[in-house]
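Colleague: Let me give you the structure first, and then I'll get to my questions.
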Amino acid sequence: MPEGHSVHRIARQFDRNFVGRTMRASSPQGRFAEGAAILDGREAMSVQAVGKQMFLEAEGDIWLRVHLGLYGAWDFAGEILVDPTIASSNGRMGQTNQRGTTLDDDAVEDAILDDAGENSLASIGAPRRTRVHVRMSEQTKGLADEGTEWPPPVVGQVRLRLMTDLTAADLRGPTACVLQTPDEMLATIAKLGPDPLVGDPAHNEERFVRAVRKKQTVIALLLMDQAVVSGIGNVYRAEMLFRQRLNPHTPGRDVPEDVVRALWHDWVRLLAIGVETGQMMTMDDLTPTQYRAAMASRDDRHWVYHRAGLPCRVCGTEIALEEIGARKLYWCPRCQA
């Protein structure tokens with residue numbers, strides 16, 4: 001499931017490419033035909049991400065709420081302007097005036113892409129192969145010189161297609177794709193736990209600490225509860241618990257307050273790294289060579305996630321794998337005893 005950093009990147013991509021522009025909306029699959037008809041012809045006014053959900057405001061006090069869930073993804077095509085706040089020298093997706101869904105020639109040498117579905121400009125969400133349509137020309141919207149269709153052909157089960165004159169965004173496989181009134185949107189957000197990138201930082205920290213410290217539920221489940229904290233998924237959960245050397249079976253109320261606060265501060269830091277690079281980098285103090293290897297391969301990026309049966313990077317103990325809350329949990333029985 002896409003975790004919080006991916007959804008924030010999607011929101012920023014919509015902010016750069018759709019906000020302030022008139023949208024054409026359709027539902028090639030047909031399952032969102034009524035909602036698409038309402039959105040069609042309206043201007044995109046604003047966009048925000050909270051945890052794993054994105055809210056796109058259209059003129060007329062209409063909000064599109066999208067939760068990608070396990071299988072959802074947005075596929076982008078056309079002329080795509082990349083938010084400069086999510087570009088970095090080591091994980092750059094392309095120049096801010098990038099055309100299409102592949103890297104600029106100038107960016108290829110610096111870019112680090114992996115094969116695990118992360119740091120993808122063409123498709124953000126569930127990993128999938130995507131047929132991309134790249135505009136290489138600076139002059140024409142027709143794309144005839146490049147032999148590429150515009151608008152791009154619909155591929156697969158597209159729940160919602162949003163388009164401007166230059167950019168197309170196709171939504172596939174979401175858990176939720178609904179229109180909401182402003183009150184409904186605010187009610188949805190009110191049910192979500194704090195997100196480090198939304199609202200007052202100090203207030204968010206206190207909300208998190210209070211929510212964890214009053215619960216008998218084990219911390220491994222609390223970190224995945226979107227009412228306790230927004231955006232953390234299976235990868236970040238496992239890595240954050242290891243980074244604090246915290247036993248995942250510890251009840252929330254038994255976790256020392258300073259450790260709860262350390263978890264929050266770590267989430268603030270890791271989310272910022274994820275938004276900047278597009279990858280869930282959770283290892284620290286890497287050499288430049290190690291960093292580039294980690295950015296290119298998930299196997300070199302994490303302490304315990306997806307390492308069941310392999311030796312712990314710290315103590316050598318075999319990494320354990322169990323199921324908790326219907327999700328896989330990776331942890332070190334020694335470091336996190």
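What follows is calculated from the coordinates using simple rules that are stated; it is not laboratory data. None of the values given here were measured: they were computed from a predicted structure. As a convention, Cβ positions derive from the backbone with ideal geometry for all residues, glycine included, and neighbour counts pool all protein chains shown.
Colleague: Please list log₁₀ I(q)/I(0) at q = 0.15, 0.19, 0.23 Å⁻¹ for segment 230-336, using the Debye equation with identical point scatterers on the alpha-carbon positions.
Modeller: Log10 of I(q)/I(0), two decimals: -0.64, -1.03, -1.44.
Colleague: In which sequence would THR167, THR289, THR181, THR22 go, from the one with the fewest C-beta neighbours within 10 Å to the one with the most?
Modeller: Placing the least packed residue first, the sequence is THR289, THR181, THR22, THR167.
Colleague: Counting other beta carbons within 10 Å of each Cβ, put HIS5, HIS67 in order, fewest first.
Modeller: The fewest-first ordering by Cβ neighbours comes to HIS67, HIS5.
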